[in-house]
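*Asks:* Sharing a structure, written as structure tokens. Questions coming.
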Amino acid sequence: MKLGISRTSSLAMLCCTFAAASSAAPVPKKLAIVRLAFSQSEDGEVVSSKYQFLGGEVLYFSCQVEGYTKTEKDEIRLTFQIEAKDASGVLLQAPATGKVEANLSPEDKDWLPKLRATVLIPPLIPPGEYQLLVKVKDELANASVDAHSIFRVQGREIEPSSTLIVRNFRFLRTEDDTKPLPVAAYRPGDAVWARFDMTGYKLGDGNQFDIEYGLVVLRADGTQAYAEPQAAAQKEQTFYPVRYQPGVLSLNLAKDQARGQYTIVLKVRDNLGGQTYEAREKFSVE
């Protein structure tokens, strides 16, 4: 006897199979952190992955959480922690922590909690890539998930030193100039401006530093024309370690200032590390 299935019966079986598959419950999503984004203002336009934040700028971060567990009464309970770190894993600021507790209504079935954090980027931070790490725990399911994203910072690269040193000394025409003078030459009555960077000083407890500097101006024959033993002092304690400090000095030349070559003797002191450093830079009055 030859057995077979009619075309009509096959179609009926296919329909039954499809109906059974359609009525199956959807696979629940796993706990996940999604839509990680950076902006320059709260809920502002998302910046591109190539955008570079500046030292001293506030970074606004947000993300959402999906796949969380709900109770029979549609309650959710999440806790989270958000950290900003440099390439070496050093925190830029204290971690941001928080929790999400809510009673959802039926129309909120697709609602995704939004987590936010602000990061004040340290003013003198080195340029490069930094990490933002997010940790979320679903307290009802006792499940955790992590995610991270990269943000970029634009800044000045100061070569590090194991001992106190002055780098990048440059003479300027005015206080706000960004380009150094190719020839450090001034006229009587001018203001002599100079900027420099100090690094290699020691950090104390809590990233404390204590440095100061003074200067002496010598004439071409070595005699002293001007002295200011303590021109400026910088003492501070910061959450993120500050590896260099900028310095500035200015001299007001007299209208009858004698022409010739002068030498600035810059003396820097690291009070915590017990170090001193002396730099000599020449300029002329023509």
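*Asks:* Ratio of Rg to Rh for region 165-285, alpha carbon only, Kirkwood?
*Replies:* Values: Rg = 15.5 Å, Rh = 15.3 Å.
We get a ratio of 1.02 for region 165-285.
*Asks:* Could you name the lysines in cross-link range of Lys70, using Cα to Cα under 25 Å and dropping any fewer than eight places away on the same chain?
*Replies:* Straight-line reach from Lys70, under 25 Å: Lys29, Lys30, Lys99, Lys109, Lys114, Lys135, Lys137.
*Asks:* Based on the alpha-carbon gyration tensor of region 145-186, what equivalent-ellipsoid semi-axes (square roots of 5 times the eigenvalues) come out, in whole Å, largest first?
*Replies:* On the way: eigenvalues 258, 58, 9 Å².
Listed largest to smallest, the semi-axes of region 145-186 are 36, 17, 7 Å.
*Asks:* Let me ask something else. For a paramagnetic label modelled at 7 Å from the Cα of Ala220 toward its Cβ, which residues of region 243-274 fall within the zone defined by backbone nitrogen distances under 13 Å?
*Replies:* Only 258-263 pass the distance filter.
*Asks:* Another question, then. Tally Lys/Arg at +1 and Asp/Glu at -1 over every other residue whose Cβ is under 12 Å from the Cβ of Leu59; what's the total?
*Replies:* Working: positive: Arg116, Arg152; negative: Glu42, Glu57.
Summing Lys and Arg as +1 and Asp and Glu as -1 gives 0.
*Asks:* Additional query: Toward the positive end of the charge dipole of the chain, about the Cα centre and with charges on Cβ (Lys, Arg +1; Asp, Glu -1), which of Ala94, Ala184, Leu104 goes farthest?
*Replies:* Working it through, the farthest residue towards the positive pole turns out to be Leu104.
*Asks:* Rounded to the nearest 0.05, what FRET efficiency is calculated for Leu133 and Thr276 with R0 set to 45 Å and r the Cβ-Cβ distance?
*Replies:* On the way: r = 41 Å, r/R0 = 0.90.
Taking R0 as 45 Å, the efficiency between Leu133 and Thr276 is 0.65.
*Asks:* Continuing with this model, one more query. Which is farthest toward the positive dipole end of the chain among Ala194, Ser39, Val58, measuring Cα position about the Cα centre, with Cβ charges +1 (Lys, Arg) and -1 (Asp, Glu)?
*Replies:* About the Cα centre, the residue reaching furthest to the positive side is Ser39.
*Asks:* What does the charge dipole of the chain about its Cα centre add up to, to the nearest 20 debye, if the Cβ of each Lys and Arg holds +1 and the Cβ of each Asp and Glu holds -1? All intermediate terms of the calculation are to be shown ahead of the outcome.
*Replies:* Values: 34 positive and 36 negative charges, 172 e Å.
Taking the Cα centre of the chain as origin, the dipole is about 820 debye.
*Asks:* Run the quick spin-label model on Ala231 and Lys109: label points 7 Å from Cα toward the beta carbon, then report their separation in nm to one decimal.
*Replies:* In this crude spin-label approximation the distance works out to 7.2 nm.
*Asks:* Can you list the residues, at least 5 places off or on another chain, whose amide H is less than 5 Å from the amide H of Tyr226, using H built in the peptide plane?
*Replies:* Close amide H contacts, sequence-distant or interchain: Val217.
*Asks:* Sticking with this structure for a sec: Kindly give the semi-axes, whole Å and largest first, of the ellipsoid equivalent to region 29-154, taking each as the square root of 5 times a Cα gyration tensor eigenvalue.
*Replies:* Values: eigenvalues 180, 42, 25 Å².
Square roots of five times the eigenvalues give 30, 15, 11 Å.
*Asks:* While we're on this one: Hey, with R₀ at 30 Å, roughly what FRET efficiency would Gln64 and Thr238 work out to, going by the Cβ-Cβ distance, to 0.05?
*Replies:* Numbers: r = 32 Å, r/R0 = 1.08.
Efficiency, from the Cβ-Cβ distance: 0.40.
*Asks:* Ranked by Cβ crowding within 10 angstrom, fewest neighbours first, how are Arg152, Arg187, Arg269 ordered?
*Replies:* Numbers: Arg152 15, Arg187 11, Arg269 19.
With the fewest neighbours first, Arg152, Arg187, Arg269 line up as Arg187, Arg152, Arg269.
*Asks:* Ok, one more. Over all distinct Cα pairs, what is the inverse of the mean 1/r for the chain, reported as the Kirkwood hydrodynamic radius in Å?
*Replies:* Evaluated over the chain, this radius sits at 24.5 Å.
*Asks:* For Glu101, put the label point 7 Å out on the Cα→Cβ axis and report which residues of region 133-162 keep their amide N under 19 Å from it.
*Replies:* Those under the cut-off are 136-143.
*Asks:* Follow-up question, since we're still on this one. Could you quote the convex hull projected area for region 49-111, Cα atoms only and averaged over all directions, in nm²? Kindly include the intermediate steps, with their values, before the conclusion.
*Replies:* Values: hull surface 25.7 nm².
One quarter of the hull surface, i.e. the mean projection, equals 6.4 nm².
*Asks:* Under unit Cβ charges (Lys, Arg +1; Asp, Glu -1), what dipole magnitude, rounded to 20 debye, does region 165-285 have relative to its Cα centre?
*Replies:* Working: 16 positive and 15 negative charges, 83 e Å.
So the dipole magnitude of region 165-285 works out to roughly 400 debye.
*Asks:* Please check: in the Gaussian network model of the chain (C-alpha springs, under 10 Å), which one of Asp210, Asp146, Asp221 has the largest mean-square fluctuation.
*Replies:* Evaluated over the chain, the most mobile residue of the options is Asp221.
*Asks:* If we count every other residue with Cβ under 15 angstrom of Gln131's Cβ, Lys/Arg +1 and Asp/Glu -1, where does the sum land?
*Replies:* On the way: positive: Lys85, Lys135, Arg152; negative: Glu83, Asp86, Glu129, Asp146.
So the surrounding residues net to -1.
*Asks:* What's the local net charge at Arg187, with K and R +1, D and E -1, over the other residues with C-beta under 13 Å away? If you can, show how the numbers build up before the last one.
*Replies:* On the way: positive: Arg173, Lys255, Arg259; negative: Asp190, Asp256, Glu286.
Result for the local shell: 0.
Only the coordinates and a few stated rules stand behind these numbers; no lab work does. Keep in mind the model is a prediction, meaning the values are calculated, not measured. Here the Cβ is made from the backbone with ideal geometry for all residues, glycine too, and neighbour counts use every protein chain on show.
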